[in-house]
Every structure is written in C-alpha cells, then in structure tokens.
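In what follows, a single structure is set out as structure tokens and then discussed.
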Amino acid sequence: MSAVVSRRVALSVCGLSLGLLPVGCAEPPVDLLVLGGTVHDGSGGAPRVADVAVRGDRIVFIGDAAAEGVRSAETIRAEGLLVTPGFIDMHSHSQIGVEWGREALPFLYQGITTVVVGVDGGGVPEVAGTLAGWEAAGIGVNGLTYVGHGAIRRRVLGEEDRAPTPEELDAMRALVRQGMEEGAFGLSTGLFYIPGYYATTEEVIELARVAAEYRPAIYDTHDRDLGATYPSFGYLASIEEAIRIGEESGTRVIFSHFNAQGAANYGRAPEGAALIDAARERGVTVAGAQHVYTATQSSLRAYTVPRWASAGGRDAMLERFDDPDTARVLDEATAEMLAIRGGADRIRFSDPRPHLNGRTLADVAAEWGVPAPEAARRILAEGNASVMNIGLYDPVNTAFLAEQDWMMTCTDGRDIAPDAAVGHPRVYGAFTKKLRDYVLDEGRISMPFAIRSMTGLAAEFLELEDRGFLREGLKADLAILDPERIRDRATYDDPHQYSEGTVHVLVNGAFAIRDGAHTGALAGRALRPVR
C-alpha cells in the first residue's frame with residue numbers, strides 16, 4: 001500500500017471515498033510513530049532515515065511524518081537506532097507450545113518475531129491442532145510449522161530399518177497430505193536421525209511430491225551427512241541427495257543449519273556451496289540457514305550409537321547393549337564415532353539431569369572408571385540425553401557461508417529448560433552474535449546484507465506475503481536495535497543471558513519488548529500458507 005493510498009484510506013473516516021478533506025476534517029492519528037530511525041527495509045538495499053507509522057497490526061506510513069502531517073497517539077524516538085523488520089528464525093526448536101517457553105523471551109530479545117518449527121522431520125501431521133493450540137494459549141512470537149517425515153515414518157513403520165510396503169507408503173503420503181492441507185509450509189526431514197536415516201532417497205522424493213502440490217512447497221532438510229555421520233555417507237553426496245529430492249519432487253530446498261562438520265572438513269564449505277550455486281544456476285530453488293557458533297547440539301544416541309544398533313526401537317537397542325558380543329562391537333563403533341567428533345571431551349551434556357548437566361562424556365566416564373563408550377551405554381539405558389559437540393564447526397567455513405546471498409539465519413535453538421544450568425547459547429544469541437561478529441566487529445558482511453538474511457530473504461522463501469519487509473500495508477513486526485549495544489551475552493557455561501541492544505520489538509503492532517523490558521504481551525499468531 002503506497003503512502004498516498006494509505007493516507008486516503010485514513011481519510012475515508014470523514015465520509016469520503018478516496019476524496020479530498022472537507023473543511024474541519026483531520027486525518028485520524030495513527031497508533032504509533034517511530035521517529036527518525038535508520039530504516040532497513042529487509043531487501044538488502046541502502047538504509048534511510050525515516051519515520052514509521054503503525055495503525056493496529058499494520059505499517060501504514062514510512063517517510064517524513066511531519067511533512068505529510070501524520071499524527072500519532074504515541075511516539076518513540078529512534079534517532080541513531082536501527083529499525084528493521086522482525087527477524088525470522090528459519091530453523092527453530094522454540095518451545096512456544098509449552099507453558100515455560102510460550103513467551104519466547106530468548107528469541108524476542110534478539111529481535112526475532114517469527115519462528116519456523118516442525119524441523120528435522122519432527123513436525124506432527126496434526127498441524128491444525130498445533131496451530132489452534134498456539135492460538136488458544138497465546139504465543140510471544142509468530143509461529144509456522146512443517147510436517148515431518150520422521151514423525152510420519154515412525155507412526156507408520158516405527159523404527160524399523162526397511163522400506164515401506166506400497167500400502168505403508170500410501171499411508172505416509174496421506175499423512176503428508178493431511179499436514180499440508182491443515183497448514184504446513186512444507187515437508188521436513190532429519191535424514192541424519194532415526195527413523196529418517198532408514199529411508200531411501202526415493203521414499204523421500206515420493207513424499208515430497210505430495211508437499212509439492214501445495215504452496216509454498218518447501219523441502220527443509222537436516223541432510224544425512226554434514227561430514228560427521230558414521231558410517232560416512234559423504235558430505236558432498238549428502239548435499240547432492242537433498243538437491244535431487246527437490247529437483248525431482250518439484251519442491252524448493254532449504255538446508256537446515258548448513259555447514260561442514262568435523263576437522264576433516266575444515267575449509268570445505270566452498271565445495272558444498274558450489275553444488276548449491278550450480279543447482280540454482282539450472283533453476284532449482286536451493287537455500288540454506290546458519291548460526292555462527294562452532295558447537296552443535298543433538299542427542300547422545302545420535303552421536304554415539306550406530307544406526308543399525310537403534311533399529312527396531314529402544315527395547316531392541318537395549319537388548320543389544322545387554323549382549324556382551326554385540327556390546328563389544330558397539331563400543332568399537334562408538335569409539336570411532338567419538339573420534340570423528342573430536343573425542344569424548346568434546347561431548348558436553350546440556351541435559352537437565354544434575355549428574356550430567358554441564359559435564360563432558362569424558363568427565364562422566366572418568367568418574368565411573370569406565371571407557372567413554374561404556375559410559376554412553378549406561379546413560380542411554382536411563383534415557384537419551386541432550387548434548388553439545390564443542391568445536392565441530394570451522395569458523396572459516398562459517399564465515400564464508402555467511403557471505404553467500406542464499407544464506408538465511410536460524411538459531412537451531414531449543415529453549416533451555418528452566419532447571420538446566422548449562423545449554424547451548426544459540427537460543428539466546430544466534431542472531432545477535434551474527435550481527436556483532438560479522439557486521440560490527442569484523443565487517444565481513446554489511447548490515448543491510450545481514451538483515452536481509454534475517455528478514456526479506458526468509459519471507460520470500462516462505463512466501464510470507466505480509467511480513468519480512470518494512471513496507472506500507474505489511475504487518476507491523478518490527479525490531480528496533482541500538483547498534484552501539486548489540487551484543488550476545490550467553491555463553492556455554494552461562495547461557496541464560498538475554499542479548500543486549502534490543503530496545504523495542506513489536507509483534508503484530510504490539511510491544512513485546514519496550515525500552516529493553518518484556519511487556520508480557522502474547523501477540524504472536526499462528527501463520528498459515530496463502531493458497
């Protein structure tokens with residue numbers, strides 16, 4: 001909506017239809033004026049100093065408010081501050097569906113106003129219920145979801161290491177269709193994880209073809225092998241597989257937390273990026289998302305148990321643990337898996353259990369007086385554990401990928417449970433750290449380029465028609481940041497620290513953060529595709 005049209009719409013309250021103001025009729029005030037900020041519109045173009053007006057949940061004016069006679073019931077001064085679209089977390093494990101994660105404070109304090117969940121193959125097909133639950137309880141940020149291949153495969157096949165029968169594949173197709181019809185934005189996979197690991201490429205293509213029938217037809221993948229899978233599938237082969245799935249199914253592809261893992265792949269990010277560039281040149285829509293930390297977070301089982309040992313589910317795995325001959329073979333495989341990841345001292349627990357939280361697998365093994373593989377089996381017998389793999393990503397790879405024009409931004413972050421002292425800091429600082437490190441401190445990328453990676457680029461990929469940019473007529477998701485104070489504070493030892501420099505955040509026109517303090521608003525919405 002142009003400035004002229006928006007002003008004319010406002011004038012209609014005087015009884016005219018896009019006409020001139022009669023004598024004595026004044027344009028009604030807007031709800032909020034953000035005055036004099038440096039506006040980054042999300043396109044990657046040069047910023048400009050301008051005023052931004054909000055009425056209800058929409059942006060209704062960007063320009064010189066005084067010159068245009070725009071009046072407001074409320075104003076905030078933004079001179080010297082950045083005014084940007086609210087950030088979009090393209091791969092999130094946000095716990096907006098549980099009471100203690102509903103407010104989404106770690107995300108809001110980074111300027112994030114929209115999270116994409118249902119990732120890594122985990123999105124349930126009952127999407128309508130998920131969205132309705134968010135709406136009923138209230139959420140602090142906007143949320144959208146994928147339907148997950150892993151969740152569907154587990155429902156139909158359990159954790160069996162085999163191909164589906166034709167009837168089972170039809171049942172899986174039906175569940176993908178259900179999820180898409182109920183509001184999923186696409187299909188996600190976690191082919192590194194159980195049970196997605198057991199699927200063939202062809203199985204995933206068949207299911208992605210169902211998703212391709214619906215806008216925006218996205219295939220989001222934690223691909224099979226970022227470089228640390230055991231046994232190796234191949235870092236480049238894994239990228240090629242995901243591109244093939246998108247190309248043959250007709251979906252657009254986004255690689256979750258795209259990077260190359262492990263010391264053997266330090267410096268190899270350009271090889272993976274070249275495959276994406278080649279696919280894009282031949283017309284395949286392929287993109288990625290990243291955070292800029294060097295540690296990953298996943299589960300102890302995923303990092304220490306070969307996939308054959310998990311086949312059939314937890315009870316079958318524990319039976320293998322109890323068989324001495326099988327356990328010996330398992331321990332040899334676990335030792336090799338740990339070596340790929342830098343050793344047991346690089347596996348640090350982010351699990352809420354007090355006897356694990358903050359310690360490394362090497363610490364626990366030493367305390368118990370057993371080798372690390374045996375310690376891992378003992379812990380898994382109690383239940384799976386959340387762990388971080390410290391130093392798995394190469395900073396040089398990560399910085400190179402931040403410079404690619406198809407690279408978006410994500411936290412890959414799950415809210416750290418209130419009773420867990422140690423966890424991954426990315427949930428509190430991923431977006432802020434990218435701005436601080438790569439823009440403000442190192443100058444690797446420009447501020448407009450970085451903000452585009454967090455806003456407009458993501459909105460276009462998701463086909464969000466009314467978010468992701470600062471434009472008149474779009475939803476008023478805004479982040480107002482102090483560039484002098486932008487800083488991530490969360491660390492691996494003390495993660496529960498909100499980012500600094502976030503002055504105000506508006507979600508659908510309502511203040512969620514005001515003057516650096518949370519307002520208590522739950523103004524987020526469940527987002528559905530436009531079809």
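Of note:
- From the options Gly501, Gly524, Gly468, Gly516, residue that is free of Cβ contacts under 8 Å to residues at least 60 places away in the same chain and not acidic (Asp, Glu): Gly516
- Remark: pairs (first residue in the stretch 159-185, within 28 Å of Pro306 (Cα to Cα); second residue surrounded by fewer than 18 Cβ atoms within 10 Å (Cβ to Cβ) and β-branched (Val, Ile, Thr); Cβ separation under 9 Å; 6+ apart in sequence or on different chains) = Ala163/Thr200.
- Per the conditions (1) within 30 Å of Trp406 (Cβ to Cβ); (2) more than 25 Å from the chain's Cα centre (by Cα); (3) buried (at least 20 other Cβ atoms within 10 Å of the Cβ), the sole criterion not satisfied by Met317 is (1).
- Any hit, the stretch 330-351, residues being modelled with pLDDT of 95 or more, closer than 21 Å to Glu159 by Cα and more than 31 Å from the chain's Cα centre (by Cα): yes
- Taking the stretch 347-369 as the range and being buried (at least 20 other Cβ atoms within 10 Å of the Cβ) and among the hydrophobic types (A, V, I, L, M, F, W, C) as the test, the residues that pass are Ile347, Phe349, Leu356, Leu361, Val364, Ala365.
- Test: Val329 is surrounded by fewer than 20 Cβ atoms within 10 Å (Cβ to Cβ) and either among the hydrophobic types (A, V, I, L, M, F, W, C) or without any contact (Cβ under 8 Å) to a residue 24 or more places away in the chain (or both): yes
- Qualifying positions in the stretch 410-425 - open to solvent by less than 10 Å² (accessible area, probe 1.4 Å) and either among the hydrophobic types (A, V, I, L, M, F, W, C) or over 10 Å from the mean Cα position of the chain (by Cα) (or both): Cys410, Ala420, Gly423, His424, Pro425
- Looking across Glu460, Glu484, Glu465, one residue alone is out of contact with any helix residue (DSSP H, G or I) (no Cβ under 6 Å at 6 or more places or on another chain), surrounded by fewer than 19 Cβ atoms within 10 Å (Cβ to Cβ) and not in a loop (DSSP other than H, G, I, E, B). It is Glu460.
- Restricting Ala46, Ala66 to those that are touching a residue at least 60 places away in the same chain (Cβ under 8 Å), more than 30 Å from Arg414 (Cβ to Cβ) and not β-branched (Val, Ile, Thr) reduces the list to Ala46.
- The one condition in (1) part of a loop (DSSP other than H, G, I, E, B); (2) touching a Leu at 6+ places or on another chain (Cβ under 8 Å); (3) open to solvent by less than 20 Å² (accessible area, probe 1.4 Å) that Arg528 fails to fulfil: (3)
- Check on Ala450, open to solvent by less than 10 Å² (accessible area, probe 1.4 Å) and over 21 Å from His93 (Cβ atoms): yes
- Among (1) out of contact with any Asp or Glu (no Cβ under 9 Å at 6 or more places or on another chain); (2) hydrophobic (A, V, I, L, M, F, W, C); (3) open to solvent by less than 10 Å² (accessible area, probe 1.4 Å), the one test that Val387 misses: (1)
- Residue match in the stretch 72-81 (condition: polar (S, T, N, Q), modelled with pLDDT of 95 or more and under 31 Å from the mean Cα position of the chain (by Cα)): no
- Test: residue in the stretch 495-502 that is in a loop (DSSP other than H, G, I, E, B), in contact with a helix residue (DSSP H, G or I) (Cβ under 7 Å, 6 or more places away or on another chain) and either within 22 Å of Leu401 (Cα to Cα) or at pLDDT below 95 (or both): no
The values are calculated or read from the model by the stated rules, or taken from the named source; none is laboratory data. Bear in mind that the values here come from a model prediction, so they are computed numbers and not experimental data. Cβ: placed from backbone, ideal geometry, glycine included. Neighbour counts: every protein chain shown. Each accessible area value is taken on the protein alone, full model and side chains, heavy atoms only, with ligands, DNA and RNA left out. Shrake-Rupley method; radii C 1.70, N 1.55, O 1.52, S 1.80 Å.
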